[in-house]
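A short worksheet on the structure shown next.
The values are calculated or read from the model by the stated rules, or taken from the named source; none is laboratory data. Being a predicted model, the structure only gives us computed values, none of them experimental. Cβ coordinates were reconstructed from backbone atoms using ideal geometry, including for glycine residues, and neighbour counts include every protein chain displayed. The area values use the complete protein model at the heavy-atom level, side chains included, leaving out ligands, DNA and RNA. Shrake-Rupley method; radii C 1.70, N 1.55, O 1.52, S 1.80 Å.
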Amino acid sequence: MTASWAEFERFQQSLVDKGLEKGLEKGLREAILDLCEAWGVPVSAGHREQLQGMDLDGLRVLKEQLKRTRTWSAV
């Protein structure tokens with residue numbers, strides 16, 4: 001029973017972790033679009049598609065690039 005409970009807790013924690021990551025990704029996507037809007041950086045349909053396919057690390061890299069250069073180039 002203890003092993004089953006420990007497995008359940010690991011599974012539950014993995015769900016929480018995945019939810020947090022998805023929330024962070026969503027927030028970063030919104031922040032990136034806000035930065036682009038504020039700085040007049042054009043966001044094409046291709047950029048939006050690329051944005052949706054990015055993981056957390058890629059989103060962070062793109063955000064930092066936008067902050068430094070105020071341009072959206074290949075990441």
MRE, 222 nm, helices only [DSSP H, n ≥ 4, -39500 (n - 2.57), over the chain, to nearest 500]: -28000 deg cm²/dmol
Inter-label distance for His47 and Glu30, nm, one decimal - labels placed 7 Å from Cα along Cα-to-Cβ: 1.9
Accessible surface of the chain [probe 1.4 Å, protein heavy atoms]: carbon and sulfur percent: 57
Contour excess over end-to-end distance, with Cα ends at Thr69 and Glu9 and 0.36 nm allotted per residue: 17.2 nm
Principal-axis tilt of helix 2-39 within the chain, Cα atoms, nearest 10 degrees: 10
Estimated inter-spin distance, Met1 and Glu21, nm [label 7 Å along Cα→Cβ]: 3.3
Those lysines that a straight Cα-Cα span of less than 23 Å connects to Lys18, excepting residues fewer than 8 apart in one chain: Lys26, Lys63
Surface accessible to a 1.4 Å probe, per residue, for the residues of the chain, Å²: 74
